[in-house]
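In what follows, a single structure is set out as structure tokens and then discussed.
The values are calculated or read from the model by the stated rules, or taken from the named source; none is laboratory data. Source: prediction; values computed, not measured. Don't worry about glycine lacking a Cβ; one is built from the backbone with ideal geometry, like all the others, and counts go over all protein chains shown.
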Amino acid sequence: MRFAYADPPYMNCGARYYGHPEWDEQQTHLDLIDKLTREYPDGWALSTRSVDLRWQLPACPDDVLVAAWTKPFSGSARKGVRIYRVWEPVVYRTMRRNTNVGQRTRDALVTNPTRMLGFVGAKPPAFNRWILDLLGYVEGDEMHDLFPGTDGMSREMEQGLLDVSG
């Protein structure tokens, strides 16, 4: 099977953190959802923000699900912020939803975010493993990380293969 994971710059963060202002436009994100749906019919996962779900979900196929990454460490207090956002949704779609293929997993992950991995938004190893498990990834499948950043997904896939064979 052929899967993809997308962790694009979140809305209103493209120019500020990554020098890519096109990601500050809704249409760019909607085009990505369309690409994922067309090019990866076996399954895909998309990291996003909870405040963006209201306009992203209507662009998704009816069979998508939403999983939650909850971060127990919420960071330092910021002036003017009353409610801390300590979870991030992952919109995902997989043709292995109701099969015995792949690792069993939960639709929620509780793990701390990374710190100082090169840029804002880098995901921890446990998150990358969780994405693979949500999709039902097994050895022999293809996984395309559309925004590789620190290559955490590739490292996790390699580590998983080492764990299985070692």
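Given the structure, is Pro72 loosely packed, with under 12 Cβ neighbours inside 10 Å, assigned to a loop (DSSP other than H, G, I, E, B) and in contact (Cβ under 8 Å) with a residue 40 or more places away in the chain? Walk me through how you get there before you give the answer.
On the way: loosely packed, with under 12 Cβ neighbours inside 10 Å: yes; assigned to a loop (DSSP other than H, G, I, E, B): yes; in contact (Cβ under 8 Å) with a residue 40 or more places away in the chain: yes.
For Pro72, the condition - loosely packed, with under 12 Cβ neighbours inside 10 Å, assigned to a loop (DSSP other than H, G, I, E, B) and in contact (Cβ under 8 Å) with a residue 40 or more places away in the chain - is met.
Select, from Leu65, Leu57, the only residue that is over 13 Å from the mean Cα position of the chain (by Cα), surrounded by 14 or more Cβ atoms within 10 Å (Cβ to Cβ) and at negative phi.
Details: Leu65 fails: over 13 Å from the mean Cα position of the chain (by Cα).
Residue meeting the stated conditions: Leu57.
Taking the conditions exactly as written (in a loop (DSSP other than H, G, I, E, B) and closer than 19 Å to Ile131 by Cβ), does Arg82 satisfy them or not?
Working: in a loop (DSSP other than H, G, I, E, B): yes; closer than 19 Å to Ile131 by Cβ: no.
Considered against the rule, which asks whether it is in a loop (DSSP other than H, G, I, E, B) and closer than 19 Å to Ile131 by Cβ, Arg82 comes out as no.
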Identify all residues within segment 27-54 that are touching a helix residue (DSSP H, G or I) at 6+ places or on another chain (Cβ under 6 Å) and either surrounded by fewer than 20 Cβ atoms within 10 Å (Cβ to Cβ) or among the hydrophobic types (A, V, I, L, M, F, W, C) (or both); write none if there are none. Thr28, Leu30, Ile33, Trp44, Ala45
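From the list Arg93, Arg155, pick out the single residue that is of a type in the set (Lys, Arg), surrounded by 12 or more Cβ atoms within 10 Å (Cβ to Cβ), at pLDDT 80 or above and touching a strand residue (DSSP E or B) at 6+ places or on another chain (Cβ under 6 Å). Break it down stepwise before answering.
Details: Arg155 fails: touching a strand residue (DSSP E or B) at 6+ places or on another chain (Cβ under 6 Å).
Exactly one residue qualifies, and that residue is Arg93.
Do we find that Tyr10 is crowded, with 18+ Cβ neighbours inside 10 Å and either of a type in the set (A, V, I, L, M, F, W, C) or part of a loop (DSSP other than H, G, I, E, B) (or both) in this structure? Even if it seems obvious, please write down each step before you answer.
Numbers: crowded, with 18+ Cβ neighbours inside 10 Å: yes; either of a type in the set (A, V, I, L, M, F, W, C) or part of a loop (DSSP other than H, G, I, E, B) (or both): yes.
Criteria met by Tyr10.
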Across (1) at pLDDT 90 or above; (2) within 27 Å of Asp34 (Cα to Cα); (3) among the polar types (S, T, N, Q), Asn98 clears everything bar (1)
